[in-house]
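The values are calculated or read from the model by the stated rules, or taken from the named source; none is laboratory data. Everything quoted here is computed from the prediction, not taken from an experiment. Counting neighbours? That spans all protein chains shown, and the Cβs are built from the backbone with ideal geometry, glycine included.
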Amino acid sequence: MSNQQTVQDIYAAFGRGDIPAILDRLAPDVRWDHLPDGSGAQRHAVPWLAERTGPDEVAGFFEALAALDFHTFAPRMILGAGETVVALIDEDVTVRATGERFRDATAHVWTFGPDGRVVAFRHLVDTAKHVEAYAARALV
């Protein structure tokens, strides 16, 4: 199976709520949203953009998504070259705790090991939108 097909299968699993199928595709030491200096979202403790390591911690990412209502989550294009696959995603989301809604065009960067498992994942998002929507009540 190609890495692009694996990513397509991961999004299909997400769409049907099959989180165990996603976690099974991850390397034991997968690095999820690891950034050299963190991100603005991590500095503001946005739970769905937190740094995580290993499938058990990544399960916490999916738990954090329960704080969001997705009006749209649409992979528009999946591009792959070798060990890297990039998915371009349209999102329209409401943060339940704040009622703040935002739209974002994001990219998900997937990196695969030689065994076909995901060894790294990173969201490329408009961090300010996520921080503002998450922290909206604190700003009032």
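Below is a table of values for the structure above.
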item	result
Qualifying residue in region 40-49 (condition: modelled with pLDDT of 95 or more, under 22 Å from residue 117 (Cα atoms) and of a type outside the set (S, T, N, Q))	no
Breaking point among (1) surrounded by fewer than 17 Cβ atoms within 10 Å (Cβ to Cβ); (2) in contact (Cβ under 8 Å) with a residue 60 or more places away in the chain, for residue 64	(2)
Sole residue being of a type outside the set (Asp, Glu) and either in contact with a His (Cβ under 8 Å, 6 or more places away or on another chain) or more than 26 Å from residue 95 (Cα to Cα) (or both), chosen from 47, 36, 55, 20	36
Residue 45 vs. criteria under 16 Å from residue 123 (Cα atoms) and either in contact with a Gly (Cβ under 8 Å, 6 or more places away or on another chain) or of a type in the set (A, V, I, L, M) (or both)	yes
Residue 101 more than 21 Å from residue 25 (Cβ to Cβ), surrounded by fewer than 19 Cβ atoms within 10 Å (Cβ to Cβ) and either out of contact with any helix residue (DSSP H, G or I) (no Cβ under 9 Å at 6 or more places or on another chain) or not acidic (Asp, Glu) (or both)	yes
Scan of region 39-61 for residues that are under 19 Å from residue 111 (Cα atoms) and surrounded by fewer than 18 Cβ atoms within 10 Å (Cβ to Cβ), ordered by number	50, 51, 53, 54, 56, 57, 59
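Here's the yes/no breakdown for (1) closer than 26 Å to residue 134 by Cα; (2) surrounded by fewer than 15 Cβ atoms within 10 Å (Cβ to Cβ); (3) free of Cβ contacts under 8 Å to residues at least 60 places away in the same chain; (4) among the acidic types (Asp, Glu):
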{"site": "4", "(1), (2), (3), (4)": "no, no, no, no"}
{"site": "16", "(1), (2), (3), (4)": "yes, yes, yes, no"}
{"site": "26", "(1), (2), (3), (4)": "no, no, no, no"}
{"site": "33", "(1), (2), (3), (4)": "yes, no, no, yes"}
{"site": "37", "(1), (2), (3), (4)": "yes, yes, yes, yes"}
